[in-house]
Amino acid sequence: MEPFVSLKCRYARTLYNGFCKNRRVERQFTAMRKIYLAGGVAAVCLAIIGIILPIVPTVPFLILAAWCFGKSNPLWEQRLLRHPHYGPHIRAWRERRAVARIGKWGATGAFAVSIVIGMFVLTWPWVAIPPGVAVLVLLWLWSRPDA
């Protein structure tokens, strides 16, 4: 005979390891896990594109992928954290919100190139957008501790 279960639990929910478990909540949880898993896979794909194309960043997408995998697939999260090349950057961001100095200089150089290209390609007032974005992002980036 099964242990005592309230009528509400008996009809609306199932008994799971001695606990009353709501099926609707379980379905929502697995749906969110699938969404996080898809987001992590998409972020890894973008990071792979970033390895090939120098203009697309790699590590920020891997940080996003590790966060998504942390909510959906801890095994894949651990694989990213243990990666010999990208793992230290992800761990530094998680532990201290730190960015490597070479990454800061790389971002500064990329913004400088985009500003110069924007000066030749864009017209007024659009020419002011790259420097404005660069100032905001670089102020934030350089305020992060060094990894």
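Observations, loosely collected:
- First in segment 118-147 and without any contact (Cβ under 8 Å) to a residue 24 or more places away in the chain, second anywhere and surrounded by 14 or more Cβ atoms within 10 Å (Cβ to Cβ) and among the polar types (S, T, N, Q), Cβ under 7 Å, 6 or more apart: 130/114
- Flag for residue 29 being hydrophobic (A, V, I, L, M, F, W, C) and at pLDDT below 75: yes
- Condition met for residue 102 (surrounded by 14 or more Cβ atoms within 10 Å (Cβ to Cβ) and closer than 22 Å to residue 140 by Cα): no
The values are calculated or read from the model by the stated rules, or taken from the named source; none is laboratory data. Bear in mind the structure is a predicted one, so any value in this text is a computation, not a measurement. Positions of Cβ are generated from backbone atoms using ideal geometry, with glycine treated the same way; all protein chains shown enter the neighbour counts.
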